[in-house]
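Input: a single structure, listed below in structure tokens.
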Amino acid sequence: MMEIIPAIDLIGGQCVRLTEGDFAQQTTYDSNPLEVAKRFESHGIKRLHLVDLDGARARKPVNLHVLESIASNTGLTIDFGGGLQSEEALKQAFDAGAAQITAGSIAVREPDTVKNWLLKYGPERIIIGADFKGTNIAISAWTEESKYPLQDFISGYVKTGAKLFICTDVSKDGKLQGPSINTYRHLKLTLPEADVIASGGVTTIEDLEVLQEIGVKGAIIGKAIYEGTIQLKDLESFIC
């Protein structure tokens, strides 16, 4: 079964969503991330994608206390990202209760560092964040499309032992316009050894059904839950 992974994005310790990663397009949905996480868990959810947006801007974790609170008070398997630019930050995230971390921009800028993390902590604990616009990797906090093809980026990390990839279509994130089905289908056909987690644009249960048919490892759902286009009770049929 495809893993269902709700997302909590944090600014000032609150649950927010951005559109296309733009901090000027912020909506705050809940002031208590722990209660949101507990609500997910009550519907059988097992995974959580927790993103420290403050940390992403500060280039160091800021909301570790929220991570620790959720990890201590739920049984959710949490992957944590945002501001993880050093091994010290990595250790802080693991110590606070993250089961996995997502290496985002650092995976583009400092591949040798991330390759060392893969060797030290193992490919099950280090997820590679592959944010993309069009067919290329997006950089500079999603504001710029690089000349680095998504396909080559993932392929290169597969060769170094990475297994898990969160592939976020920046152009669709937060827009509720459906995910990049063709991109994920192409990745699964050409790089079957990569466990792809689809992110960005997931809007309906039908989107999830198509992604499951393609064979992606998981699907991250954010705004669709908060806006109600996907109901938590409807996700239960995807959960073992």
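The values are calculated or read from the model by the stated rules, or taken from the named source; none is laboratory data. Keep in mind that what you see is a predicted model, and the values were worked out from it rather than measured. So basically every Cβ, Gly included, is an ideal-geometry build from the backbone, and we count neighbours across all protein chains shown. Accessible surface is based on the protein model in full, side chains and every heavy atom, while ligands, DNA and RNA are left aside. Shrake-Rupley method; radii C 1.70, N 1.55, O 1.52, S 1.80 Å.
Here's a check for you: in the stretch 1-55, which residue that is assigned to a loop (DSSP other than H, G, I, E, B) and touching a Pro at 6+ places or on another chain (Cβ under 9 Å) is surrounded by the fewest Cβ atoms within 10 Å (Cβ to Cβ)? Don't jump to the end; show me each part of the working.
To start, the set of residues in the stretch 1-55 that are assigned to a loop (DSSP other than H, G, I, E, B) comprises 1-2, 12-13, 20-21, 31-32, 43-46.
Then drop every residue that is not touching a Pro at 6+ places or on another chain (Cβ under 9 Å), which leaves 13, 45.
Details: Gly13: 15, Ile45: 24.
For the stretch 1-55, the residue satisfying everything is Gly13.
Does the stretch 136-148 contain any residue that is open to solvent by 10 Å² or more (accessible area, probe 1.4 Å), part of a loop (DSSP other than H, G, I, E, B) and at pLDDT 95 or above?
No; the residues of the stretch 136-148 include none that is open to solvent by 10 Å² or more (accessible area, probe 1.4 Å), part of a loop (DSSP other than H, G, I, E, B) and at pLDDT 95 or above.
Only one of Thr160, Thr190 is among the β-branched types (Val, Ile, Thr) and either in contact with a helix residue (DSSP H, G or I) (Cβ under 6 Å, 6 or more places away or on another chain) or open to solvent by 70 Å² or more (accessible area, probe 1.4 Å) (or both). Can you tell me which?
After applying the criteria, what remains is Thr160.
Taking Ser155 as meeting all but one of (1) among the polar types (S, T, N, Q); (2) closer than 29 Å to Lys91 by Cα; (3) outside any helix (DSSP H, G or I), write down the number of the exception.
(3)
Of the residues in the stretch 56-81, how many are part of a helix (DSSP H, G or I) and open to solvent by less than 20 Å² (accessible area, probe 1.4 Å)?
Qualifying residue count, the stretch 56-81: 3.
Within the stretch 89-130, can you find the residues that are in a strand (DSSP E or B) and touching a helix residue (DSSP H, G or I) at 6+ places or on another chain (Cβ under 8 Å)?
Ile101, Ala103, Ile126, Ile128, Gly129, Ala130
Inspect the stretch 163-184 for any residue being within 30 Å of Asn116 (Cα to Cα), among the polar types (S, T, N, Q) and touching a residue at least 24 places away in the same chain (Cβ under 8 Å) and give the result as yes or no.
So far as the stretch 163-184 goes, yes, one or more of its residues are within 30 Å of Asn116 (Cα to Cα), among the polar types (S, T, N, Q) and touching a residue at least 24 places away in the same chain (Cβ under 8 Å).
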